[in-house]
Amino acid sequence: MGNIFLFTMIIGIVAGLILIPIFTKEQGSKKEGQKLKLGIFITVVVILLLSVFSFYYFSNFDRNISSLWLFGLFLTAGGAILAKGIERKVKGLLFLACLGLGIYFLTAFIFNADEKYKLAKMDEKVEIQTFDEQETPASVPPQFARNKMKKAFGQVPNTSYYELGNLQIQKLNGDYVYIAPVEFSGFFKWWKGNSTPGYFTLSATDSTANPKFIKSEMVYTPSSFFIKNIERHIRMQYPKKIFYGDVQLEIDEEGQPFYIRTYGEFISARNGFTAKGLVVVDSKSGAIKEFPLADVPAFIDGAVSPEAVSLQNSYYGNFIHGFWNSKFGKSDVKLPSDEGTESNVSPIFDENGTMYYFTDFTSPKEGVDSMLGYSLTNSKTGKATFYTGNPEQSYMDSQGALQIIEKRFIEKKWHGQMPILYNFYGEASWLTAVLDSNGFLQNYFIVSAANPEISVYATTPNDALKQYKIALQRGKGTVDGNSKAEEKLISGSVVRVYKEKSGDFTVVSFLLENRQNFMISSEKVPLAIYLKEGDKVTVRYLNTGEDFLPAKELTIEALQ
């Protein structure tokens, strides 16, 4: 607390000297005039002290001198108006200096656009590695998870004191889970309770799982007040640091809850932001530590806040050719989607358990739902990669995928949430959870980004994937396998054959004598339509472990 008192005292005294005229020409009682002036000065200083202290204490604003530029502008203007003679000229010069500084701060966003783009520039690639259908993606939508946690709130002792806090995803002891703290429901509940009892966890991959309440006392929380408020507690320890984004809860491997917050630097003149590190607070003891991004503790997944990532995406998409181009010509401009689950980005995990923030980019032209690419930002390092997709194909953006779902279930009034672009079987595809009007999960919907007419839905992501493989064989998509499928070659006799017409092509399913099932489209092998029982064949296929294995090549011995 000492820092804020000293800061406000210095500001109050300096502000009083600027605002109150020092020299006057009145010739009355000199002693009485000095007493009056001293009384006015003390009154003004006290008012300014209270005002400055209240602003910085309750707003948790950074206490850097540059944060006072607007206050200084009005203060010097008032001082120049009230002063006379030489004093007016001096304070007038101070006002002009503050005015120039204010103009610099207010126009910085125009001139630092190139620097923002340079700092946000991403590595560029074409396609991500194909997703392995044996690995279940974190696909439980947050709205559904939150509803389940609310229904399980009876597990919390003294339920009336508390409410559910913000939801976020994390990898905990090898499992992908949502976590949400129990928060105070108001000032008087905090006054009586002093600490919250714990937090909820819920699987982010299994929609049938139930929430678990974990008892772990938390004293420093977002819903606490005064010095126990987590943001104020952080600000008191780091009065000059620049923070961006809300505090987030992270759980270590022992189940101990910590609050984290991302800090960084302005790009110029209190404008823009680039992340540099984070602070970690023990929610019970209040012990606090600072870490640069290079030294983030292993248990923390979201070191860079989703708000900071969303901001970087905006810089990268808008400022490729500077500020004015982003407003008028818009050459090469691409707008980040606002369909993400956390501050316009969606957290996802790769096969190694590393969390990334996903965002797709679309055209600034109205009425166009064509995707221009998508970004994956490492949530620990902030390093981002932009994927352009196959340049020979036009991809549908996340908004387009959501519109297809809305039209498909228009009578039921279901809607999609958390669209994520994956590379299923070599096909860029949107996987989206479908919720009803009450926010409960109904199914999972997969639609090809390049061929929107190819779409399926099922009750689980893996069931939807199996159907999607069949749909790709029937349509004009591709089945190039997954990231772990081994390509194999087999020869044998055909025992059973089933053919199904799909548009201009035929999907041929056949069983070999070794009891393995295969499927292939006549689009890939036109002569497959002549396949019959007893034929000897050679099949090149991908060993995905599924009931019907996707064949890449088929050679019929009798037709050679």
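Odds and ends about this structure:
Table: residues versus (1) in contact with a helix residue (DSSP H, G or I) (Cβ under 9 Å, 6 or more places away or on another chain); (2) within 26 Å of Met149 (Cβ to Cβ); (3) open to solvent by 10 Å² or more (accessible area, probe 1.4 Å); (4) at pLDDT below 90.
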residue: Glu366; (1), (2), (3), (4): no, no, yes, yes
residue: Thr388; (1), (2), (3), (4): no, no, yes, yes
residue: Pro391; (1), (2), (3), (4): no, no, yes, yes
residue: Ala401; (1), (2), (3), (4): no, no, no, no
residue: Arg408; (1), (2), (3), (4): no, no, yes, no
residue: Phe424; (1), (2), (3), (4): yes, no, no, yes
residue: Val434; (1), (2), (3), (4): yes, yes, no, no
residue: Gly439; (1), (2), (3), (4): yes, yes, no, yes
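One line per residue, one yes/no per condition, for (1) under 17 Å from Leu96 (Cβ atoms); (2) out of contact with any Gly (no Cβ under 9 Å at 6 or more places or on another chain); (3) surrounded by 13 or more Cβ atoms within 10 Å (Cβ to Cβ):
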| residue | (1), (2), (3) |
| --- | --- |
| Ser51 | no, no, yes |
| Phe58 | no, yes, no |
| Ser67 | no, yes, yes |
| Leu75 | yes, yes, yes |
| Gly78 | yes, yes, yes |
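- Residue match in the range 295-316 (condition: polar (S, T, N, Q), open to solvent by 10 Å² or more (accessible area, probe 1.4 Å) and over 21 Å from the mean Cα position of the chain (by Cα)): no
- The range 238-249 residues that are more than 17 Å from Pro222 (Cα to Cα) and open to solvent by less than 40 Å² (accessible area, probe 1.4 Å), paired with ones that are at pLDDT below 95 and among the basic types (Lys, Arg) (beta carbon under 8 Å, 6 or more apart): Pro239/Arg63
Residue-by-condition table, conditions (1) at pLDDT below 95; (2) open to solvent by 40 Å² or more (accessible area, probe 1.4 Å); (3) of a type outside the set (S, T, N, Q):
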| position | (1), (2), (3) |
| --- | --- |
| Thr221 | no, no, no |
| Gln256 | no, yes, no |
| Phe266 | no, yes, yes |
| Phe273 | no, no, yes |
| Phe291 | no, yes, yes |
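- Comparison of Lys289, Lys276 shows that the only residue that is over 27 Å from Met149 (Cα atoms), over 23 Å from the mean Cα position of the chain (by Cα) and assigned to a strand (DSSP E or B) is Lys289.
- Close Cβ contacts (under 7 Å, 6 or more residues apart or on different chains) running from residues in the range 86-112 that are free of Cβ contacts under 8 Å to residues at least 12 places away in the same chain to residues that are part of a helix (DSSP H, G or I) and among the polar types (S, T, N, Q) are absent.
- The residues of the range 195-219 that are small (Gly, Ala, Ser) and either more than 13 Å from Ile251 (Cβ to Cβ) or loosely packed, with under 15 Cβ neighbours inside 10 Å (or both), listed by number, are Ser195, Ser203, Ala204, Ser207, Ala209.
- Residue tally, condition among the aliphatic types (A, V, I, L, M), out of contact with any Gly (no Cβ under 8 Å at 6 or more places or on another chain) and closer than 25 Å to Tyr199 by Cα, over the range 239-288: 8
- Checking each residue in the range 155-194 for being open to solvent by 20 Å² or more (accessible area, probe 1.4 Å), closer than 17 Å to Pro306 by Cβ and in contact with a Gly (Cβ under 7 Å, 6 or more places away or on another chain) picks out only Lys171.
- The range 434-462 - residue that is part of a loop (DSSP other than H, G, I, E, B) and in contact with a Ser or Thr (Cβ under 9 Å, 6 or more places away or on another chain) and, of those, farthest from Gly416 (Cα to Cα): Ala450
Here is a yes/no grid of residues against (1) open to solvent by 10 Å² or more (accessible area, probe 1.4 Å); (2) more than 23 Å from Glu453 (Cβ to Cβ); (3) touching a Lys or Arg at 6+ places or on another chain (Cβ under 8 Å):
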| position | (1), (2), (3) |
| --- | --- |
| Thr506 | yes, no, yes |
| Leu512 | no, yes, no |
| Val525 | yes, no, no |
| Ala528 | no, no, no |
| Glu553 | yes, yes, yes |
| Leu559 | yes, yes, no |
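- Residues in the range 176-217 that are part of a helix (DSSP H, G or I) and of a type in the set (Phe, Trp, Tyr): Phe187, Phe188, Trp190, Trp191.
The values are calculated or read from the model by the stated rules, or taken from the named source; none is laboratory data. Treat the numbers as computed from the prediction; the structure is a model and nothing was measured. Cβ sites come from the backbone with ideal geometry, for glycine too, and all protein chains shown count toward neighbours. Calculation scope for accessible area: heavy atoms of the full protein, side chains included, ligands and nucleic acids excluded. Shrake-Rupley method; radii C 1.70, N 1.55, O 1.52, S 1.80 Å.
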